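Asks: Structure incoming, see below.
The values are calculated or read from the model by the stated rules, or taken from the named source; none is laboratory data. Predicted, not measured: the structure shown is a model, and the values here were computed from it. Cβ atoms come from the backbone with ideal geometry, glycine included; neighbour counts cover every protein chain shown. Ligands, DNA and RNA are excluded from the accessible area calculation, which covers all protein heavy atoms including side chains. Shrake-Rupley method; radii C 1.70, N 1.55, O 1.52, S 1.80 Å.
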Amino acid sequence: MDLSFLKSLYDSSGPFASVYLDIRRITEDAPKAIELRRKARQRELADQGAPPAMIEAMARLVDEENGRRESGTLAMFAADGEVVHHEVLQGPPPVEVALYSRLPHVKPLLVQRGEPMAYVAVTVDRLGGELTCVSRDGHRRVIGVKPEEDFPVRKTKAGDSFRTDKQQRAAEEVWRINAKKVAHEIAVAVDDCGADLVVLAGDIRARKAVEGELPEVVLARLVDAGGVGPSLEDEIARAVEHKREEQRAALLDQFDEQLTKKGRAVEGLAGVTDALRKGQVATLFLEDRPDSPATLWVGPHPTDVGTSAELLRELGVADPVEERADAALIRALASTDGELRLLPAESFRAEAGVGALLRYVD
């Protein structure tokens, strides 16, 4: 997971208010229910010492999103009296949160966002097709592919004596010409949006014709979804999740290999924070443990992170502060352009559920 979108959030010095609020509109009295939940989260922030200006800025944002009739989870982060980042995520929050702390509590945002996946979804027939290109940042572009040739499209039926073998071959040639054009557009779209996956659906003869024209680099990413109609979105979701699991498994195999060979991998909070301070971490593996009591010590700079206050003082940090371990790790990783892989709880054998693949070793 690319964390570059969080960099501007960490430009603020903090402390931060982090709120996850359910703003779904699933009943007629939803606006009133949202208002009650907002007030409850405001009281929680006030009890933790958040300043009134910060709480009021977040309340205004909730009102604005209510006015837009947004629906989902509103994740928002405020510092210095203003909201510095917010998103509306699909679905409800696993649990509503209102936290006032030195660092923003961003892990629930990343968990609910999910691992981004760029893909191209294609529906084809014998005339052409439609492509939906989705990039990792969620940008969606629809591309219609019109036929290069539109006659004849169908073969003649047995018994149509006035049709000839020549017309039969002509229909097949039209399919091939149109399939070649669709395949070309797919290859261009894959390159444009950096697609990890191509999901192909539609007429069976058209699918086979398009597959026959695709380059190997695209075929390696292809999933045939069959002749699905309304269920295409479900097929896409399954294919995306399967691809995520494949990528995750490959990275974890790499981690195990490097750790066993004492190469470019470390585990546990001490080893990982040492690597983060040096900018060595290429990929951080972090189990999703919402109730974990693990903490780290941090300073004003993103890579001021360690397992004890004494360690940071020795490194020149005047006033270390104790913070959630996940918040400290994610801030340091974002500032050093590392990738994050969130893993289900109890699924990672590394010490403390934390490990990293390194860019280099000392």
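Asks: Filter segment 222-258 down to residues that are part of a helix (DSSP H, G or I), within 24 Å of CYS133 (Cβ to Cβ) and hydrophobic (A, V, I, L, M, F, W, C) and give me whichever is most open to solvent (accessible area, probe 1.4 Å).
Replies: The extreme case among them is ALA237.
Asks: Can you tell me which condition HIS85 does not meet? The list is (1) part of a strand (DSSP E or B); (2) out of contact with any strand residue (DSSP E or B) (no Cβ under 7 Å at 6 or more places or on another chain); (3) not aromatic (Phe, Trp, Tyr), and all the others hold.
Replies: It fails just one condition, (2).
Asks: If I ask for residues that are outside any strand (DSSP E or B), closer than 22 Å to SER13 by Cβ and of a type outside the set (A, V, I, L, M, F, W, C), which ones from segment 61-82 would you list?
Replies: The answer is ASP80, GLY81.
Asks: Checking the structure you have, find out if any residue of segment 285-292 is of a type in the set (D, E, K, R), touching a residue at least 40 places away in the same chain (Cβ under 8 Å), open to solvent by less than 30 Å² (accessible area, probe 1.4 Å) and under 21 Å from SER13 (Cβ atoms).
Replies: no
Asks: Another question, then. Consider GLY202 carefully, then state whether it is open to solvent by less than 50 Å² (accessible area, probe 1.4 Å), touching a Ser or Thr at 6+ places or on another chain (Cβ under 8 Å) and at positive phi.
Replies: Yes.
Asks: Further, regarding this structure: Can you find a residue in segment 141-152 that is of a type outside the set (S, T, N, Q), modelled with pLDDT of 75 or more, touching a Gly at 6+ places or on another chain (Cβ under 7 Å) and surrounded by 15 or more Cβ atoms within 10 Å (Cβ to Cβ)?
Replies: Yes, because at least one residue in segment 141-152 is of a type outside the set (S, T, N, Q), modelled with pLDDT of 75 or more, touching a Gly at 6+ places or on another chain (Cβ under 7 Å) and surrounded by 15 or more Cβ atoms within 10 Å (Cβ to Cβ).
Asks: What is the number of the single condition among (1) over 28 Å from the mean Cα position of the chain (by Cα); (2) crowded, with 21+ Cβ neighbours inside 10 Å that ARG41 does not meet?
Replies: With respect to (1) over 28 Å from the mean Cα position of the chain (by Cα); (2) crowded, with 21+ Cβ neighbours inside 10 Å, ARG41 is out only on (1).
Asks: Determine, yes or no, whether ARG341 is among the basic types (Lys, Arg) and surrounded by fewer than 20 Cβ atoms within 10 Å (Cβ to Cβ).
Replies: Criteria not met by ARG341.
Asks: Further, regarding this structure: Could you list, in sequence order, the residues of segment 44-58 that are of a type in the set (A, V, I, L, M) and either closer than 19 Å to LEU109 by Cβ or surrounded by 15 or more Cβ atoms within 10 Å (Cβ to Cβ) (or both)?
Replies: Result: LEU45, ALA46, ALA50, MET54, ILE55, ALA57, MET58.
Asks: Which residue pairs have Cβ atoms under 7 Å apart, sit 6 or more places apart or on different chains, and have a first residue in segment 39-65 that is over 21 Å from ARG102 (Cβ atoms) and of a type outside the set (Ser, Thr, Tyr) and a second that is in a helix (DSSP H, G or I) and modelled with pLDDT of 95 or more?
Replies: ALA59/GLN42
Asks: Can you tell me which residues in segment 129-140 are surrounded by 20 or more Cβ atoms within 10 Å (Cβ to Cβ) and either of a type in the set (Ser, Thr, Tyr) or more than 14 Å from ALA201 (Cβ to Cβ) (or both)?
Replies: Those that are surrounded by 20 or more Cβ atoms within 10 Å (Cβ to Cβ) and either of a type in the set (Ser, Thr, Tyr) or more than 14 Å from ALA201 (Cβ to Cβ) (or both): CYS133, VAL134.
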